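What follows is one structure encoded as structure tokens, with my remarks underneath.
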Amino acid sequence: MTSTILRAEEVRFSPFNLPGFTGGTEAAFLNTDTTAAPFIALLRMEPGAELAKHYHPKAIEAVYVLEGEMINDGERLPAGSIVSHGPGVAHGPHRTETGCVLMFIQYPGVGPDDSVFV
């Protein structure tokens, strides 16, 4: 097995909307091969964007605030903050007043069948 390297200039954000999202969001998928490493994605949220409260029946998840401020279930989390949880733990809503960039690290990965909105 080899290492996977993705340089900053190779990161591409695309519009990203799922049920449960409101406001402007873009995502960049850094690793989707969960045989090599956890699923890793960046989510850019515009001011006022929100992701509804939800849980993942299968995945462990960590969310790291890279830029800006995320409000998680009413608690303000500035850049450098992290929130993590195991499978089945409801979390959110995630929202932002200022805009933010979040890094999601999930294992074994989250797909359409592993996000349940509360």
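The values are calculated or read from the model by the stated rules, or taken from the named source; none is laboratory data. From a predicted model like this one, the values you see are computed outputs, not experimental measurements. Cβ: placed from backbone, ideal geometry, glycine included. Neighbour counts: every protein chain shown.
Limited to segment 43-53, what total is found for residues that are crowded, with 19+ Cβ neighbours inside 10 Å and either touching a residue at least 60 places away in the same chain (Cβ under 8 Å) or closer than 15 Å to residue 103 by Cα (or both)?
So the answer is 4.
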Total residues in segment 38-53, condition assigned to a strand (DSSP E or B) and of a type in the set (Gly, Ala, Ser): 1
Residue within segment 27-45 that is acidic (Asp, Glu) and farther than 16 Å from residue 105 by Cβ present: no
Checklist (1) without any contact (Cβ under 8 Å) to a residue 12 or more places away in the chain; (2) not in a loop (DSSP other than H, G, I, E, B) applied to residue 35, failing item: (2)
Close pairs (7 angstrom Cβ cut-off, 6 or more residues apart or separate chains): under 15 Å from residue 102 (Cα atoms) in segment 1-29, surrounded by 12 or more Cβ atoms within 10 Å (Cβ to Cβ) and aromatic (Phe, Trp, Tyr) anywhere: 25/16; 26/13; 26/16; 27/13; 27/16; 28/13
Subset of segment 99-116 that is surrounded by 15 or more Cβ atoms within 10 Å (Cβ to Cβ) and more than 21 Å from residue 36 (Cα to Cα) - its residue that is modelled with the lowest pLDDT: 115
